[in-house]
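Read the structure below first, then the notes.
Only the coordinates and a few stated rules stand behind these numbers; no lab work does. The structure presented is a predicted model; accordingly, all values stated were derived computationally and were not measured. Because the Cβ atoms are built from the backbone with ideal geometry, glycine has one as well, and the counts that use them run over all protein chains shown.
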Amino acid sequence: MELQGAVVATKLHEKLKRELDMEIDATYFWTDSTIVLGYIKNETTKFSPYVTNRVTQIRKSTEPQQWKHISGTKNPADIASRGATVHQLGTSRWFTGPEFLWKKNLRDELDRQPQSFAIPPSHQELRKTVTVNATQVNQGIKVDNFSKWHNLIRAVTQVRLISKRVKEKLKPIWQLQTLSSQDLQDTEELLIKLDQKQHFASEIDSLQNDGRMDTAALRTSMLEVSSIINSKPLTCVSLNDPTEGVITPHHLLTMRSNLTDHKSEGETTDREVYGRNMYKKTQQFAEEFWSHWKDYLAKIETRQKWVSPCANLKVGDVVAVVDETAERGQWMVGIVEGTKVGADNLVRSATVRISSPSKVTSAGRLALSASVACRQSSSHSVKLKFNPECTRGT
């Protein structure tokens, strides 16, 4: 009742401020309910939704410092609630208000007001707070107490067999039993599963959900793939300096000269297929794509049957080198500086200058194409067709 009266008082105050054509220096609200004052001035305690909603309405248009306490004997509002005769009403505080409002030293009355009002802990409008103490018990196996893996497996197997008999309500055998190979194998698999569950919880959860990528991870993977495809050379390599660089779709799309802005994460193993997080998933996806895409180097020319005649490598040829150690997105090109032929007069290996120094590479790891191979003549460039498989041993 008193709290709802405080809400009505704030609404009446707002209406009077709009209607009265005068400047108001300060406004104070008086109530004889210390509980209501405790609600309004409270900063930490949580109350029921009913109280919280009304306190929010009050504090939206007033400040807690504007609310003051008045004793019940001085409160004129009590006259209406308790009833009074016409004669009593004419001589009461109903029309004049409490006496201290007419004094010049009203500031003294305001200064004597307490700043806070405590709410009893047993108050029914207090929101109940339940505190639960949870004790976490580490039920892991203390593997450090065992010097050998086999001893650990045997000990755990004994415990498992005893536990199994207890669960089946059989009389436990309190002596060492002969352990079968199947029991030991089951225990070893159990220990491995427990360790995996502890250290690879997120990976297991991902695999149980079919290992699907979310939209962000899939978008990142597609961007990695497009970067690899757009790094393919479009122009010929200079015979004088193969390290000079060539134009790629990447340059035209980004208008940047630095092709390898990213750092390759290196090779990943099968155990890290989906990684510890989505970032590793996308990197694994890009690595798998690159491992297949780099085979494109050896297939960019039209394939013919190995018995068909084709050109040998010559000194000065610009070739693309298939290098398993190359980072993702790198296309290695070089100039042939020397060749070695076999008994059939076919080139079996070649010395290729990629940067410096030169290195000897199998002819099967080299390829000529229209995009990376140019042979300069006196008047024009001639495209050479070269099939690496023609130079491989049969």
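Scanning segment 93-115 for residues that are within 29 Å of GLY83 (Cα to Cα) and assigned to a loop (DSSP other than H, G, I, E, B) yields ARG93, TRP94, PHE95, THR96, GLY97, PRO98, LYS103, GLN113. In the set (1) surrounded by fewer than 17 Cβ atoms within 10 Å (Cβ to Cβ); (2) within 50 Å of the chain's Cα centre (by Cα); (3) not polar (S, T, N, Q), HIS69 fails one condition alone, (2).
Listed by first and then second residue, the pairs linking a residue in segment 64-85 that is in contact (Cβ under 8 Å) with a residue 12 or more places away in the chain to a residue that is among the basic types (Lys, Arg), with Cβ atoms under 9 Å apart and 6 or more places separating them unless they lie on different chains, are PRO64/LYS41; TRP67/LYS41; LYS74/ARG93; ASN75/ARG93; PRO76/ARG93; ILE79/ARG93.
Does SER33 satisfy being surrounded by 12 or more Cβ atoms within 10 Å (Cβ to Cβ), under 13 Å from PHE117 (Cβ atoms) and of a type in the set (S, T, N, Q)? Judged against the criteria, SER33 is a match.
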